[in-house]
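**Q** I am attaching a structure below and will ask some questions about it afterwards.
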Amino acid sequence: MARNIQSLERAAAMLRLLAGGERRLGLSDIASSLGLAKGTAHGILRTLQQEGFVEQDAASGRYQLGAELLRLGTTYLDVHELRARALVWTDDLARSSGESVYLGVLHQHGVLIVHHVFRPDDSRQVLEVGAMQPLHSTALGKVLSAYDPVAHTEVLEAERKEFTARTVCELDALEEVLDLTRARGFAADVEETWEGIASVAAPIHDRRRMPVGAVGVTGAVERFCSNGELRPELIAAVRDCARAVSRDLGAGRF
């Protein structure tokens, strides 16, 4: 069995201590409560402070939880609210389109799938919640890269792998794709990531009008395209779903 890392256990215990009881605690209080030497406690606190997880009051020298924890907690809540608000609408999209539906958010230089609705045809399928998709080639990734400034920076700086002959990797060409995505309000991936597979995705915004995720459908190219063009009713259904989730998140009309 792998051993736990003692310093991380102590840091976690310290954060829990600061989260309960008194709002601010001094070094001696923290050290005695956790059974640590003052030097050890101070070293951990200094590291947590540098990372923004702990703040020290300049006047009293006491410690309290830092703003970085609030940011991480807000991100966690945002993702869960996004998924909760999207459940009904993504189910409806799967039924109306007959295709698999994916909900994705930016995570670690890629797209994290946080919700997946199976294609409603009783075929054997694999749940892909927790899977990662690339930013530069998938419809979900292009939407996030087009609308989210952080994702845009990451996709430009990252190594862009050529998955198929259709994958757009060159910087100028990718910027044109992202410009087109913003102009149309949706992104497409026609055999750019997987041979024989196409997808369409649209952005989801929150009450601050900030992009918080993307929703899309994925399926066989022959079902998505007619005479070499994406089916307009499929695009409309995806965009309608994204708008509905955005409205539920307080974004208003787009």
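The values are calculated or read from the model by the stated rules, or taken from the named source; none is laboratory data. Given the structure is predicted, the values throughout are model-derived calculations rather than measurements. Every residue, glycine as well, gets a Cβ built from its backbone with ideal geometry; the counts of neighbours run over all protein chains shown. Just the protein is used for accessible areas: all its heavy atoms, side chains included, with ligands, DNA and RNA removed. Shrake-Rupley method; radii C 1.70, N 1.55, O 1.52, S 1.80 Å.
**Q** Which whole-number value in Å² is the accessible area per residue of the chain, probe 1.4 Å? Intermediate results must be reported in sequence, preceding the final value.
**A** Values: 13940 Å² over 254 residues.
I get 55 Å² per residue for the chain.
**Q** Report, to the nearest whole %, how much of the accessible area of the chain belongs to carbon and sulfur atoms, 1.4 Å probe, protein only.
**A** Values: 7230 of 13940 Å².
Carbon and sulfur: 52 percent of the exposed surface of the chain.
**Q** Suppose every Lys and Arg Cβ carries +1 and every Asp and Glu Cβ carries -1, with no other charges. What dipole size does the chain come out with about its Cα centre, to the nearest 20 debye?
**A** Charge dipole, the chain, about its Cα centre: 1100 debye, nearest 20.
**Q** I've got another one for you. Rounded, prolate or oblate, given the Cα gyration tensor of region 7-56, with a/c below 1.5 counting as rounded? If you can, show how the numbers build up before the last one.
**A** Details: a/c = 1.31, a/b = 1.03, b/c = 1.28.
Cα axes put region 7-56 in the rounded bin.
**Q** Can you pull out the GluC sites (Glu not before Pro) in region 164-254 that DSSP calls coil and that have at most 14 other Cβ atoms within 10 Å?
**A** Working: sites: Glu170, Glu175, Glu176, Glu191, Glu192, Glu195, Glu222, Glu229, Glu233; in loops: Glu170, Glu191, Glu192, Glu195.
Listed in order of number, the matching sites are Glu170, Glu195.
**Q** Mind jotting down the distance between the C-alpha centroids of region 189-220 and region 145-164, whole Å?
**A** Their Cα centres are 14 Å away from one another.
**Q** How large is the helix-only mean residue ellipticity at 222 nm for the chain, computed as the sum of -39500 (n - 2.57) over DSSP H runs with n ≥ 4, divided by its residue count, in deg cm²/dmol to the nearest 500?
**A** Details: 9 runs with 119 residues, N = 254.
Calculated from helices alone, the mean residue ellipticity at 222 nm is -15000 deg cm²/dmol.
**Q** Determine by what factor the alpha-carbon radius of gyration of the chain differs from 2.2 N^0.38 Å, reporting the quotient. Kindly include the intermediate steps, with their values, before the conclusion.
**A** Details: Rg = 22.7 Å, N = 254, 2.2 N^0.38 = 18.0 Å.
With N residues counted in the chain, Rg over 2.2 N^0.38 Å equals 1.26.
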